[in-house]
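First comes the structure, then the notes that go with it.
The values are calculated or read from the model by the stated rules, or taken from the named source; none is laboratory data. The structure presented is a predicted model; accordingly, all values stated were derived computationally and were not measured. Virtual Cβ from ideal backbone geometry, glycine too; neighbours counted across all protein chains shown.
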DNA sequence: TTGAAAGCGCTAACAA
DNA sequence: TTGTTAGCGCTTTCAA
């Protein structure tokens, strides 16, 4: 055991220049103490002679020792990792959620596996299997939200699963969503408060739950104000600027009284609408006020006038997801669907 | 050791409903064979009596056994994981790279840790430490590309690091970038081929390497065609639609002959330019042809006419990054900066 | 064809 | 105050 040089066992550079990470054993050998003692020193556990502790810490530093998480995890039966399973190919919505979630978990020393499985159940299954093999402490599921998705099957593991920005049928599942209905209500109420009475609504395909909920919020706000939501004032179309453009032209040609406001199901639609109105010489917000949904910076700042829009607070959603997942990992049992409040960000397009 | 029921050791549901994953030991116990035999059966190694193998596989399935990757990794000194370190807060560029990379690595059974460290060196350091602790087999670094970033310090580990869509000063580093210069050249050459002679260039802030390289490509193409790049024809501004709008107006007011084409450093600028031109009654592409950069679907499809744009092929970049990282993990030693070809996607805005 | 046991790197309980 | 050792779950060599 005598005082071996640090380069004793492992540190011979291989062909690749890669070298095995030093182990606690290496530290013990160099510091001329037992493994248990090193462990004690590093984890600041029992009592040790200051001198010994110092020496161990010094050696550890010199050797570049860093405990092997896998070995630790094996021992603790806690991997300190979670998996994020996503089926959103684009990432515009899920990326902010990712970020916020990762931020929250990283604070607790938990690392995040990113798994993409765009529209491919087989791939998703492989990912889940892999995550189970890695003994993740929890799984987060996000999705493009056209519809409820089938639940993720984690077998008998009882592993915590949380659905964010996505929903599933399993009544025991825990789902976290933005408040589409509330957001739509906020937008509509704001327009009403500004004196608008003939408020139209252009939105995406009705198979999206979000579309149905936003329409619901829009309707409720109108009804609460004693206004009617004329059927012709609602248009369901694609989620694109061009669709918004066309829908706006259509609205202008209706025999109905012309709307004095249009609440759009997303910012792209709103932008198309603005485009059409400008082309037709309709003043925004003077003649028609516009409100969008998503508060997507690229869109809302580029329109003229800048676009008032509903913000789903995706980062808050991600943080909340992180907190809840941590709670579940800690043993709490959460179920049901929860909605996080949206916010209205007022700019010039609504004439506030 | 006699035939114990499957529920012998672990499977009592805890308070949380979580139960420890069955181990190979559990399988062995239930199947009434030794651990080594189970291992052989599962890994299809040595020769076993078919009967025994069948039984083991059946028991494993019934118990929901799945090998613990951490234990395997510990043994093999290969974690089968890599980390992605990103400082791109927005994700528009890095997300497609992520996806493609993850796809490639997942095919090899390698899982990806996602680490975000937007503009925070401390956080980045923590992430690197964590990844080292997890004994990842490699690290991928992506960044918002305003400038070269300091190299990631992986200590003496000799761990493979690859910089994608980002660059560092370390001459031993391996960097993978889109070919900004080549992309710009493609765009400019295309305009020249269409007969344009007075080609302006509006781009982002010059501190971006991409801006300098794209300008270089633009210039080289002009020079190769015997044209001059008038200094007034180059405008460096912010990366926004509004900036593009203003720059276009500025160009129109120059005492110079009016340009007959504008190559823009990104699609947002191009969109602002289109906006300005439409407002001024300048026909696109008849009077002025426009080409953008990024080929960002949301932009290129929404403009009228639709926008011709340079595609950096980010997914290809991600795939290539995955392949190269795998090669490095396998022991190959790669250095230097490599550029992946960009493509010109022709639409109506250039009058092809 | 199967079993036993060492070892991967670490922690923690127990001995000295 | 320090050392020894039994595991954590798995693979692999060597024995039986």
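Tabulated data for the structure shown
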{"item": "Test: residue in the range B:93-107 that is buried (at least 21 other Cβ atoms within 10 Å of the Cβ), part of a loop (DSSP other than H, G, I, E, B) and either within 7 Å of chain A (Cβ to nearest Cβ) or without any contact (Cβ under 8 Å) to a residue 24 or more places away in the chain (or both)", "result": "no"}
{"item": "Subset of the range A:60-72 [in contact with a helix residue (DSSP H, G or I) (Cβ under 6 Å, 6 or more places away or on another chain), part of a loop (DSSP other than H, G, I, E, B) and within 10 Å of DNA strand C (Cβ to nearest atom)]", "result": "A:65, A:66"}
{"item": "Residue under evaluation residue B:37, criteria (1) modelled with pLDDT of 90 or more; (2) touching a helix residue (DSSP H, G or I) at 6+ places or on another chain (Cβ under 6 Å); (3) away from chain A (no Cβ under 13 Å); (4) within 16 Å of DNA strand D (Cβ to nearest atom), criterion not met", "result": "(2)"}
{"item": "Condition met for residue A:153 (farther than 30 Å from residue A:252 by Cα, touching a helix residue (DSSP H, G or I) at 6+ places or on another chain (Cβ under 9 Å), assigned by TED's automatic domain parsing to the domain that holds residue A:119 and in contact (Cβ under 8 Å) with a residue 40 or more places away in the chain)", "result": "no"}
{"item": "Any hit, the range A:112-131, residues being free of Cβ contacts under 8 Å to residues at least 24 places away in the same chain, more than 12 Å from DNA strand D (Cβ to nearest atom), within 7 Å of chain B (Cβ to nearest Cβ) and within 15 Å of the chain's Cα centre (by Cα)", "result": "no"}
{"item": "Residue B:152 away from chain A (no Cβ under 14 Å) and either in contact with a strand residue (DSSP E or B) (Cβ under 9 Å, 6 or more places away or on another chain) or under 27 Å from residue A:23 (Cα atoms) (or both)", "result": "yes"}
{"item": "Counted residues, the range A:206-228 - those being buried (at least 16 other Cβ atoms within 10 Å of the Cβ), over 24 Å from the mean Cα position of the chain (by Cα) and part of a helix (DSSP H, G or I)", "result": "5"}
{"item": "Single unsatisfied condition, residue B:287 versus (1) away from chain A (no Cβ under 14 Å); (2) under 28 Å from residue B:81 (Cβ atoms); (3) part of a loop (DSSP other than H, G, I, E, B)", "result": "(2)"}
{"item": "Residue list for the range B:302-330, filter: outside any loop (DSSP other than H, G, I, E, B) and either on the phi > 0 side of the Ramachandran plot or in contact with a helix residue (DSSP H, G or I) (Cβ under 6 Å, 6 or more places away or on another chain) (or both)", "result": "B:308, B:309, B:310, B:314, B:315, B:317, B:318, B:319, B:321, B:322"}
{"item": "Hits in the range B:61-79 - residues which are crowded, with 20+ Cβ neighbours inside 10 Å and near DNA strand D (Cβ under 10 Å from one of its atoms)", "result": "B:65, B:68, B:69, B:70, B:73"}
{"item": "Some residue of the range A:322-331 being buried (at least 23 other Cβ atoms within 10 Å of the Cβ) and not assigned by TED's automatic domain parsing to the domain that holds residue A:253", "result": "yes"}
{"item": "Residue count for the range B:186-196, restricted to those that are out of contact with any helix residue (DSSP H, G or I) (no Cβ under 7 Å at 6 or more places or on another chain) and surrounded by 15 or more Cβ atoms within 10 Å (Cβ to Cβ)", "result": "3"}
{"item": "Count of the range B:41-59 residues which are within 6 Å of DNA strand C (Cβ to nearest atom) and either under 16 Å from residue B:22 (Cα atoms) or not in a loop (DSSP other than H, G, I, E, B) (or both)", "result": "1"}
{"item": "Whichever residue in the range A:73-82 is more than 8 Å from every other protein chain (Cβ to nearest Cβ) and in contact with a helix residue (DSSP H, G or I) (Cβ under 7 Å, 6 or more places away or on another chain) and, among such residues, is nearest to residue A:145 (Cα to Cα)", "result": "A:82"}
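Quick grid of which residues meet (1) at pLDDT below 95; (2) touching a helix residue (DSSP H, G or I) at 6+ places or on another chain (Cβ under 9 Å); (3) closer than 21 Å to residue A:107 by Cα; (4) surrounded by fewer than 23 Cβ atoms within 10 Å (Cβ to Cβ):
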site	(1), (2), (3), (4)
B:148	yes, yes, no, yes
B:158	yes, no, no, yes
B:178	no, yes, no, no
B:184	no, yes, no, no
